[in-house]
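Below: the structure, in C-alpha cells.
The values are calculated or read from the model by the stated rules, or taken from the named source; none is laboratory data. Keep in mind it's a predicted model, so treat the numbers as computed, not measured. Reconstructed Cβ throughout: ideal geometry from the backbone, glycine too, with neighbour counts over all protein chains shown. Accessible surface areas use protein heavy atoms only, side chains included; no ligands, DNA or RNA. Shrake-Rupley method; radii C 1.70, N 1.55, O 1.52, S 1.80 Å.
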Amino acid sequence: MLRLLAAILLAGVLRAQPSIPETKDPLGRNTPQESVFQFLETCHARNYSKALYYLDLRRMPAAARTKDGPELARQLEDLLDDTPFEITTLSRDPEGDQADGLSPAFERLDTFHVDKQTLELQLERVELRPGFKVWLVSADSVAMIPKAHQAVAETPFEKKLPQQLVTFEILDTPVWRWIALLVMALALWMVAGFLSWAIVAAVRPLVDAPGFRGPVRVGLAVAGFRAALEIASPATLSRTFIERALGLIFFLAVAWAGAVVVDLIAERWRSRLDPRVQSVSYSVLPLGRQVLKLSLFLVAILGVLSVWGYNTTAILAGLGVGGIAIALAAQKTIEDLFGGVSLIGDRPVLVGDVCRFGDRTGTVMHIGLRSTRIRTPDRTVISVPNGQFSSMALENISGRDKIWFHPTLNLRRDTTSDQLLRVLSSFREILTGHPRVETGKMPVRFIGVGPYSLDVEVIAYVTTSDYEEFVALQQELLLKMLQAVEHAGTALAVPLQESFESQRPRQA
C-alpha cells in the first residue's frame, strides 16, 4: 500500500507543472523569475550572444548591441552571482508583483550601493509585437550595469588566498567557497550531533524518546548550513538549488519528528490496551501509524513543492483519480477493510471469545483487517471475510455474566398431588440453598399436564461465565433433583410406546 502511494506521488510530481502558465516565448521570458533564471543559465553556458536578448537594448544602435551587449550581459551575470541576490524574491506571475509599489510594467531586480550611490536595477514588461510581451532588464537599468558592476570586487579575505582558489570556478563559484562550505558542513554535522544528544538527554526526564535525536540533528545542521551560505555564498542558481534542497530536508526532518511523536503516542496507547484487544494492537495501530506518518511526509513534500512553484492541485488530483481507480479495482477488499474497522471499533467480539455466527459456533482467534479467523469445536479454523462477518448477527457467548439453568423435568402421570408438591418444594430448596445459583420469585413451577407426564419447569441462573464450571454445577443440581424425585416416591416419565414395549411379555 505504501509503495502504491509512493508511486502515485512520484507520478504526480513528474506530471506537475509550475504554477506559472506555460510560456510561448522560446527564451522563457514570460515571468520575471523565469526570465532571470533563463538569463543566468544562458550566461553560465557562456552564450553571451544569446544572453543579450534578455536585456532591453532597443535604445542602443544595432552595431553597439552586437559589440557591447555580450559584455553587459557578462557584467550583469557577475552582479547577480557575486552579490547576495535572491532570485526567489522575483514574481512567478506573468503580470509581475502588483504590490511592490512600482508601475505594473516594472519589477524590482536588485539594489546595489556604489560610491555612496544607490542603484536599483529593474525588469520591464516589454511588448515586442502586438500580443507578445516579455520581461527584460529595462533600458534604464541596462545603462546602469557598468556603474553597478563596480560593486563586484574581491573581499579582503579573498585577497589573502592563493589566486588559484579565487579564479578557478566550479558552477560559476570560486572553488574556495565550495571548500569552505564542505568544511563547515562537516563541522556543523558533528556539532549538531552533539547538540541533539544533549537536547534529548535534557528532556529525557519528561519524554524518553531517543528517536528525536535524528530529526533534531538534521534540523540543526540544516539551519546552521543555511547560515553558512551567507558567509561563503555560491552563485545564484547554485545557491537557489541548495536552498531548495535545504528547505526540503528541513521539512522532511520536521515530518520525521512528527513521525516519532506518532510512534510514541501509538506505543503508549498500545501499552494501555486490554490484552484481549489484540486486533487493535496488531492491525489498527500499525496501519493507522503508517498512514499518519505517510501523511506527514506527504504534506511536507507538497508544501515544499508549492513553495517551489509546482501546481500541487495537479498532484492531489492525480492522487484522487488513482484512489478512485484503486477503490473500483479492490471493492471487495475495501469492503472487508471497513468491515474489519467496524468489528474493531464496535467490538461485538474479542479475541478469545466464543461466539455464534450464522449456524456456526467457535472461538475467535484473530481479527485482521481483511478477515477473522475462528476455531470451531472440531478444531478446524474458519477464515470469514470481515465484510461478511460484520453483517451477521453475532452472539457473543463469552460475553454473558451468568448462564441460564433451564431444565424441564417430566414426572410420571401417576404422580399424586402430594408427591408433586414435595418435588416442587425440594427443587426450590435445592436452588435457593445453593451459593452459586441465582433465583427469581418463582424458580420452580408446574407448567402443565402432558400426554404422558406432569411437566415441571426450572428457571434459574448459575453465577459463572465459565462454561466448564457451569457444566459441573448443572450436573450437581440435576443429580440432587433426581434424588428429590426419588425421595418423593415418584419417577420421571417415559414415552408411552417405550412403556408398552417394556411391559410386553417376552417369548421363550
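Out of the strands (runs of 3 or more DSSP E) lying entirely within region 394-508, which hold 3 or more residues that are modelled with pLDDT of 90 or more and open to solvent by 80 Å² or more (accessible area, probe 1.4 Å)? Even if it seems obvious, please write down each step before you answer.
On the way: elements: 394-396, 403-405, 408-412, 437-449, 453-462.
Those strands (runs of 3 or more DSSP E) span 437-449.
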Within the set of pairs 6 or more residues apart or between chains, which connect a residue that is without any contact (Cβ under 8 Å) to a residue 60 or more places away in the chain inside region 143-156 to a residue that is surrounded by 13 or more Cβ atoms within 10 Å (Cβ to Cβ) with Cβ atoms less than 7 Å apart? Met144/Leu119; Met144/Leu121; Lys147/Val114; Lys147/Leu119; Gln150/Val114; Glu154/Val166
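Of all residues in region 31-49, count the ones that are touching a residue at least 12 places away in the same chain (Cβ under 8 Å) and open to solvent by 30 Å² or more (accessible area, probe 1.4 Å).
Of the residues in that region, 7 qualify.
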From the set of residues in region 154-182 that are open to solvent by 70 Å² or more (accessible area, probe 1.4 Å), under 19 Å from Phe241 (Cα atoms) and of a type in the set (A, V, I, L, M, F, W, C), which is nearest to the chain's Cα centre (by Cα)? Leu182
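When you go through Val203, Val207, Val191 one by one, which is the residue that is modelled with pLDDT of 90 or more, surrounded by fewer than 16 Cβ atoms within 10 Å (Cβ to Cβ) and of a type in the set (Val, Ile, Thr)? Give the steps one after another, and end with the answer.
Details: Val203 fails: modelled with pLDDT of 90 or more; Val207 fails: modelled with pLDDT of 90 or more.
Exactly one of Val203, Val207, Val191 is modelled with pLDDT of 90 or more, surrounded by fewer than 16 Cβ atoms within 10 Å (Cβ to Cβ) and of a type in the set (Val, Ile, Thr), namely Val191.
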Of the residues in region 376-434, how many are closer than 15 Å to Gly362 by Cβ and basic (Lys, Arg)? 1
